[in-house]
Amino acid sequence: MFAICNLSIVPLRAEPSDKSEIVSQVLFGEHFKIVETLEKWVKIHLHYDDYEGWIDSKQYQEITKEQFEFLSNQPIILNGDLVEYVVDCNHKMLPITLGATLNFLQDETINTSKFEFEGYKITGILPKSHLVTTAMQYLEAPYLWGGKTPFGIDCSGFTQMVYKLNGYKLLRDASQQATQGDVLSFIEESEPGDLAFFDNEEGNIIHVGIILENNYIIHASGKVRIDRLDHLGIFNVDTHRHTHRLRVIKKII
């Protein structure tokens with residue numbers, strides 16, 4: 001079975017239960033395969049980043065395999081505003097967030113609600129220099145484990161969405177993103193838009209942020225914020241102490 005998200009934001013859970021951890025979110029317009037079905041839950045495999053989890057069986061619209069393949073082969077079109085809305089055939093407004101996918105609106109066989117969108121659209125690959133501009137749109141967004149929107153976002157959701165809005169694909173989790181790109185030996189080799197990864201005492205990658213000019217970094221920790229970056233890691237400009245231990249810097253683009 002195949003489906004598409006026809007709601008603003010759907011929680012993606014680790015297990016088929018409302019009490020289960022939210023590991024990510026499915027945003028409006030994202031399409032996916034349904035790989036397992038229970039009475040009230042379905043396990044899905046997202047097309048964009050191959051991420052898997054469980055969603056409520058009332059929170060998607062079923063599509064055909066042909067429609068799934070059509071969407072998979074189309075250039076991604078995204079909402080470029082912090083908050084916008086689509087209007088259905090009954091003039092009902094559905095709010096959507098920055099990074100919502102709009103591809104399916106072009107196909108009347110999928111867009112059965114006849115949603116219309118008149119906001120700012122983003123598509124294609126943008127210059128690397130635009131990554132920082134996009135990142136600043138999320139500044140002050142509260143930290144939310146599993147979040148992917150300006151109303152709540154985690155560290156890897158932040159980097160993934162910033163890159164996605166500029167036409168570049170990152171995997172979902174920080175440890176997965178750390179497998180992409182090329183390693184840089186020194187902070188001085190980095191450019192704005194490169195990624196810095198941080199580990200814990202066991203050596204596991206647990207955090208990621210986007211490098212800015214002049215040894216600053218923007219990342220989601222409590223909120224999306226700007227701190228200093230040095231050879232030890234992230235130096236919090238408010239508490240004046242290091243909060244994350246630097247593991248590796250990578251150039252993705």
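The values are calculated or read from the model by the stated rules, or taken from the named source; none is laboratory data. All of these numbers come straight from a predicted model, not from anything done at the bench. Please note: Cβ atoms are built from the backbone with ideal geometry, for glycine as well, and neighbour counts cover all protein chains shown. These accessible areas exclude ligands, DNA and RNA; they are computed on the full protein's heavy atoms, side chains included. Shrake-Rupley method; radii C 1.70, N 1.55, O 1.52, S 1.80 Å.
Amide H contacts of Ile63: Phe2, Ala3, Ile4, each under 5 Å away and 5 or more positions distant or on a separate chain (H built 1.01 Å from N in the peptide plane; Pro and chain starts excluded). Between Glu118 and Ser57, the modelled labels are 4.0 nm apart [label points 7 Å from Cα along Cα→Cβ]. Sequence-distant contacts, meaning Cα pairs under 8 Å at least 6 residues apart, place the relative contact order of the chain at 14 percent. Full extension of the chain between Glu21 and Met93 gives 23.0 nm of extra length, using 0.36 nm per residue less the Cα-Cα distance.
Put a plus charge on the Cβ of each Lys and Arg, a minus charge on the Cβ of each Asp and Glu, and nothing anywhere else: the dipole of segment 142-214 about its Cα centre is then about 560 debye. Can you tell me how the chain classifies by the Cα gyration tensor, rounded, prolate or oblate, using a/c under 1.5 as the rounded cut? Prolate shape, in that a/c is at least 1.5 and a/b is the bigger ratio.
For the chain, the longest principal axis of the Cα atoms and the long axis of helix 155-165 meet at an angle of about 60 degrees. Put a dot 7 Å past the Cα of Thr133, heading toward its Cβ, do the same for Phe151, and the two dots end up 2.7 nm apart. The alpha carbon gyration tensor of segment 178-253 gives principal lengths a ≥ b ≥ c with a/c of 1.5 or higher and a/b no greater than b/c, which makes the shape oblate. Simple point charges give the picture: +1 on the Cβ of Lys and Arg, -1 on the Cβ of Asp and Glu, and for the chain a dipole about the Cα centre of about 160 debye. Nonpolar atom fraction for the chain, defined as the carbon and sulfur part of the 1.4 Å probe accessible area, stands at 51 percent. For segment 210-253, the Cβ-based charge dipole about the Cα centre amounts to some 200 debye (Lys, Arg positive; Asp, Glu negative; other atoms uncharged).
Residues in segment 180-220 average 48 Å² of solvent-accessible surface per residue, probe 1.4 Å, ligands and nucleic acids excluded. Length gained on full extension, Thr179 to Thr109, computed as 0.36 nm times the residue gap minus the Cα-Cα distance: 21.4 nm. Per-residue 3J(HN,Hα) values for segment 86-94, derived from phi via the Karplus relation 6.51 cos²θ - 1.76 cosθ + 1.60 with θ = phi - 60°, read 10, 10, 8, 5, 9, 6, 7, 9, 10 Hz in sequence order (x marks Gly and Pro). Separation of the alpha carbons by more than 20 angstrom is noted, of Lys128/Lys250; Lys19/Lys169; Lys169/Lys251; Lys43/Lys92; Lys19/Lys58; Lys65/Lys121, for Lys19/Lys169; Lys43/Lys92; Lys65/Lys121. Along the axis of the charge dipole computed for segment 142-253 (Cβ charges of +1 for Lys and Arg, -1 for Asp and Glu, origin at the Cα centre), the listed residues Phe235, Ile252, Ile187 are led at the positive end by Ile252. Sort segment 126-187 into rounded, prolate or oblate with this rule: let a ≥ b ≥ c be the square roots of the eigenvalues of the Cα gyration tensor; rounded if a/c is under 1.5, and if a/c is not under 1.5, prolate when a/b is larger than b/c, oblate otherwise. Taking the square roots of the gyration eigenvalues as a ≥ b ≥ c, segment 126-187 is oblate. Taking GluC sites (Glu not before Pro) in DSSP loop states with no more than 13 other Cβ atoms inside 10 Å as exposed sites, the chain has its longest site-free stretch at 40-107. The amide H of Leu184, built 1.01 Å from its N in the peptide plane, has Ile249, Lys250, Lys251 as neighbours under 5 Å, considering only residues 5 or more places off or on other chains. Accessible area per residue for segment 23-106 is 48 Å², calculated with a 1.4 Å probe on protein heavy atoms, without ligands, DNA or RNA. With just the Cα atoms defining each centre, how far is segment 62-79 from segment 229-253? Give it in Å. One Cα centre to the other: 38 Å. Computed from the C-beta positions of Arg241 and Val83, the FRET efficiency with R₀ = 51 Å rounds to 0.90.
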